[in-house]
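Visitor: Okay, here's the structure, questions in a sec.
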Ligand code: PMP
């Protein structure tokens, strides 16, 4: 049977939430949450105040992003916020811009950026590929910076660095379970998502911290027209989950959600590294030790994905996706991320059992 390792479905933290039990429960009565509106006077009129409070709290506790000088915009996952941000950064030029604004990201980039942009065939923006190759001088552009990066876990900075550039920082994985928290980030647009913070992808809640009020208003407009807001049940449930995660940070051991997350991720990476080292058939990146201000110790990153390549001697075609597919392991080819088919992305966010099957199959391929 095929083992699906191509999606970043974050079921890895399930045991933690199972153990937390009733503390995470939230119920709704039939007369609750009927209205579209939450707070008609607020900039983000569909955002639940409780969610705003809990998002700010978790950022302050973890120390990964500044929240005080930013507007908060909630979205249907950060997927919707990516488009909302692109719309907001392009729309002032709508009537004066002769052609759509270029959107770039350094390869290997998160494949969905290209998919989202290409799907719309928008008059406002267009996909212009790898930021390293971008040489369309004197044109305005938007650069998406994913840090830590999906697919390769690397901490990133902008690449193009030219006047006229607008930046969107996608910080979906800038949480202690994946990487060291080295500074409190303070960028103009920072995107986060419950999907990767606590693992509650099914709730479809993302948020943006946006410095400029006009940009934030346009993002809200996009969400208003696109989906008339965001599910209140989802927002309140996410607020509850975030409050439990924040509270847990008062504890030192594995009751602390982020330390638990780091522990399980580090364990998976350790097992993967052992197999890779033993068989010498695959290559995975190594990450430097960095001081984490959240846990106050030195840690090596344990990214959400393993960016693998193969080194099979006497094999002309080193297509990593194909080699794994032959053992019924379904991964996403590097070519989808603006890289090459020698590379492939394997999700490290799966349940323990599935991950162990993956390791067994990897060993079988390596021995073949
Ligand atoms: N950005 C990055 C870098 C991601 O990896 C993902 C999910 N894989 C998203 C955004 C979107 O997440 P969601 O829509 O679930 O919030």
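Visitor: What value, in deg cm²/dmol to 500, does the helix sum -39500 (n - 2.57) over DSSP H runs of n ≥ 4 give at 222 nm once divided by the residues of the chain?
Guide: -11000 deg cm²/dmol
Visitor: On the principal axes of its Cα set, how long, how wide and how thick is segment 237-314? Give whole Å, largest value first.
Guide: Result, largest extent first: 54, 29, 15 Å.
Visitor: So, one more: Grab the Cα-Cα distance for residue 364 and residue 293, subtract it from 0.36 nm times how many residues apart they are, and report the gain in nm with one decimal.
Guide: Taking 0.36 nm per residue and subtracting the Cα distance, the gain is 21.6 nm.
Visitor: What relative contact order, as a whole-number percentage, does segment 18-147 give when Cα pairs under 8 Å and 6 or more residues apart are counted?
Guide: RCO, segment 18-147: 19 percent.
Visitor: Please state, to two decimals, what the Cα-based radius of gyration of segment 62-176 comes to when divided by 2.2 N^0.38 Å (N = residues).
Guide: 1.06
Visitor: Using only the Cα atoms of segment 93-251, what semi-axes does the equivalent ellipsoid have when each is the square root of 5 times a gyration tensor eigenvalue? Give whole Å, largest first.
Guide: Sorted largest first and rounded, they come to 29, 20, 14 Å.
Visitor: Then there's this: Pulled fully out, how much extra length does the chain show between residue 318 and residue 335, if you take 0.36 nm times their separation in residues and subtract their Cα-Cα distance?
Guide: So the chain would gain 4.8 nm between residue 318 and residue 335.
Visitor: Please check: in the Gaussian network model of the chain (C-alpha springs, under 10 Å), which one of 313, 48, 214 has the largest mean-square fluctuation.
Guide: Among 313, 48, 214, the largest GNM mean-square fluctuation belongs to 313.
Visitor: By counting other Cβ atoms within 10 Å of each Cβ, how are 170, 68 ranked from fewest to most?
Guide: Starting with the residue having the fewest Cβ neighbours, the order is 68, 170.
Visitor: Within a 10 angstrom radius of the beta carbon, how do 197, 5, 33 rank from fewest other beta carbons to most?
Guide: Lowest to highest Cβ neighbour count: 33, 5, 197.
Visitor: Counting only Cα atoms, I'd like the Rg/Rh figure for segment 1-84, Kirkwood definition for Rh.
Guide: Rounded to two decimals, Rg/Rh equals 1.03.
Visitor: Taking the chain as a Gaussian network, Cα atoms linked when under 10 Å apart, which of 263, 99, 70 shows the biggest mean-square fluctuation?
Guide: Looking only at 263, 99, 70, the biggest GNM fluctuation is shown by 99.
Visitor: Treat the count of other C-beta atoms within 10 Å as a stand-in for reagent exposure and order 331, 154 from fewest to most.
Guide: 154, 331
Visitor: Have a look at the DSSP beta bridges in the chain and tell me what percent are antiparallel, nearest 5.
Guide: In the chain, DSSP labels about 55 percent of beta bridges as antiparallel.
Visitor: Which residues in segment 232-255 have a backbone N closer than 20 Å to a point placed 7 Å from the Cα of residue 31 along the Cα-to-Cβ line?
Guide: 232-233
Visitor: Once you have the Kirkwood Rh of segment 244-368 from its Cα pairs, apply Stokes-Einstein at 25 °C and 0.890 mPa s and quote D in µm²/s.
Guide: 154
Visitor: Using 0.36 nm per residue, how much length does the chain from residue 278 to residue 68 gain when fully extended, once their Cα-Cα distance is taken away?
Guide: 70.7 nm
Visitor: Also: Compute the Rg to Rh ratio over the chain from the alpha carbon atoms, using the Kirkwood formula for Rh, and round to two decimal places.
Guide: Value, to two decimals: 0.97.
Visitor: Additional query: Report the residue, chosen from 292, 121, 90, that carries the largest GNM mean-square fluctuation when the chain is represented by alpha-carbon nodes joined by springs under 10 Å.
Guide: Highest fluctuation of the listed residues: 121.
Readers should treat all values here as calculations from the given coordinates under stated rules, not as data from a laboratory. Just so you know, these numbers come straight off a predicted model, no measurement behind them. Reconstructed Cβ throughout: ideal geometry from the backbone, glycine too, with neighbour counts over all protein chains shown.
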